[in-house]
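S.K.: I'd like to ask you about the structure that follows.
Bear in mind these aren't lab numbers, they're just calculated from the coordinates by the rules spelled out. Bear in mind that the values here come from a model prediction, so they are computed numbers and not experimental data. Please note: Cβ atoms are built from the backbone with ideal geometry, for glycine as well, and neighbour counts cover all protein chains shown.
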Ligand code: 13P
């Protein structure tokens with residue numbers, strides 16, 4: 001394992017001013033997104049949409065890395081340049097989602113376990129040859145009556161740690177993503193309690209598996225009220241609780257933390273990130289690894305129409321730029337009113 005190389009890549013992924021585009025929607029998930037804009041989820045449409053994102057002029061100023069799905073990593077631009085080559089040429093680190101999605105956890109109703117360790121070492125070696133330099137594995141923890149259970153937290157944390165160790169062996173930086181869902185009506189306090197327990201367990205397992213902490217990126221949820229909670233915490237409360245929770249659990253050896261958006265609105269996700277970065281004095285970089293919060297408006301602006309590619313790219317660039325400002329604590333919600 002080349003530790004220097006792992007640390008170099010991880011630092012590049014979380015460098016100030018830039019963040020990660022999560023464009024790794026599985027075939028099932030992208031179909032749901034395309035259904036909403038009435039676009040057929042054909043391989044060519046998926047390719048064309050990813051090309052729109054990856055070739056958006058100026059995006060690389062704000063985007064440090066892109067997470068792709070297996071199919072996407074093997075695709076190319078219309079003119080024949082492999083996506084991984086295009087991104088590398090632009091100074092954007094190519095990444096790959098390597099988990100195989102979640103499955104119901106036997107004996108634990110309402111809880112899920114992430115699959116994908118079988119054959120992972122072989123797949124990582126191939127992904128490295130295809131140009132991927134970081135990977136993502138998403139564990140999902142739901143909050144509800146009687147859940148999450150200890151067993152669910154422990155099992156998911158163990159899988160994340162084993163995945164991370166395998167990645168580093170293949171000289172691929174693991175994004176370690178334990179996502180506490182924001183669905184449901186739980187309070188912010190409950191989210192903090194669960195996120196505390198999850199992060200504590202994740203780092204315990206990472207230590208146990210001897211994962212090199214300087215060569216990972218943590219991708220957590222923010223400490224936020226459930227979507228359906230009657231009284232949702234304010235942006236300032238989200239920023240404060242999230243930083244408090246991370247400070248308790250994330251060693252300063254970790255180069256950076258790249259949040260998921262998890263169903264937050266685009267402006268909401270940007271505002272939260274900005275407020276956290278205004279707190280200052282933190283040992284790690286705080287950036288974004290957003291899927292929906294970078295793509296939602298751009299996807300609708302495109303709606304499968306080639307003539308609308310430039311306006312969709314401008315919408316995407318606007319989000320990338322505003323989130324880039326948020327990584328530096330320089331965002332202002334008034335900027336949302338500017339044209340894309
Ligand atoms: P969202 O930002 O849409 O939550 O997606 C990020 C991601 O990669 C979830 O795994």
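S.K.: I want to check the label-to-label distance for residue 334 and residue 300. Put each point 7 Å from Cα in the C-beta direction and report it in nm to one decimal.
M.R.: Result: 2.5 nm between the two label points.
S.K.: Taking the Kirkwood radius as the inverse of the mean 1/r across Cα pairs, report the Rg/Rh of the stretch 1-69.
M.R.: Using only Cα positions, Rg/Rh for the stretch 1-69 is 1.09.
S.K.: Tell me the Kirkwood hydrodynamic radius of the stretch 247-290 in angstroms, computed as one over the mean inverse distance between distinct C-alpha pairs.
M.R.: That comes to 11.2 Å for the stretch 247-290.
S.K.: Okay, next question. Compute the relative contact order of the stretch 17-73 as a whole-number percentage, counting only Cα pairs closer than 8 Å that sit 6 or more residues apart in sequence.
M.R.: About 64 percent, as a whole number.
S.K.: Can you check what the Kirkwood hydrodynamic radius comes to for the stretch 276-340, Cα pairs only, in Å to one decimal?
M.R.: This gives a value of 13.0 Å.
S.K.: Take the Cα atoms of the stretch 6-160, build their convex hull, and give its volume per residue in Å³.
M.R.: 152
S.K.: Let me see the pair-distance distribution of the stretch 93-240: every alpha carbon pair, 5 Å bin width, integer percents in order.
M.R.: Cα pair-distance distribution for the stretch 93-240, in percent: 2, 10, 19, 20, 18, 14, 10, 5, 2, 0.
S.K.: Another question about this same structure. With 10 angstrom as the radius, rank 288, 34, 134 by how many other C-beta atoms surround their C-beta, starting from the fewest.
M.R.: The most exposed by this proxy come first: 34, 134, 288.
S.K.: Follow-up question, since we're still on this one. Which three lengths, in whole Å and largest first, does the chain cover when its Cα atoms are put on their principal axes?
M.R.: Projected onto the principal axes, the Cα atoms of the chain cover 50, 46, 40 Å.
S.K.: Per DSSP H run of n ≥ 4, the term is -39500 (n - 2.57); total these for the chain, divide by its residue number, and report the mean residue ellipticity at 222 nm rounded to 500 deg cm²/dmol.
M.R.: -14000 deg cm²/dmol
S.K.: Turning to a different aspect of this structure: If we restrict to alpha carbons, what Rg and Dmax does the stretch 87-170 come to, in Å?
M.R.: Computed over the Cα atoms of the stretch 87-170, radius of gyration and Dmax are 15.1, 49 Å.
S.K.: Any idea how far apart residue 234 and residue 42 come out in nm if each label point goes 7 Å out from Cα toward Cβ?
M.R.: So the label points at residue 234 and residue 42 sit 5.2 nm apart.
S.K.: Quick one: plug the Kirkwood hydrodynamic radius of the stretch 34-91 (C-alpha pairs) into Stokes-Einstein at 37 °C, 0.692 mPa s, and report D in µm²/s.
M.R.: 272
S.K.: How large is the direction-averaged shadow of the alpha-carbon convex hull of the stretch 220-283, in nm²?
M.R.: Seen from a random direction, the Cα hull of the stretch 220-283 projects 4.3 nm² on average.
S.K.: Moving on to the next point. Rounded to whole Å and ordered largest first, report the semi-axes of the equivalent ellipsoid of the stretch 214-340 derived from its Cα gyration tensor (root of 5λ).
M.R.: Equivalent ellipsoid of the stretch 214-340: 27, 16, 14 Å, largest first.
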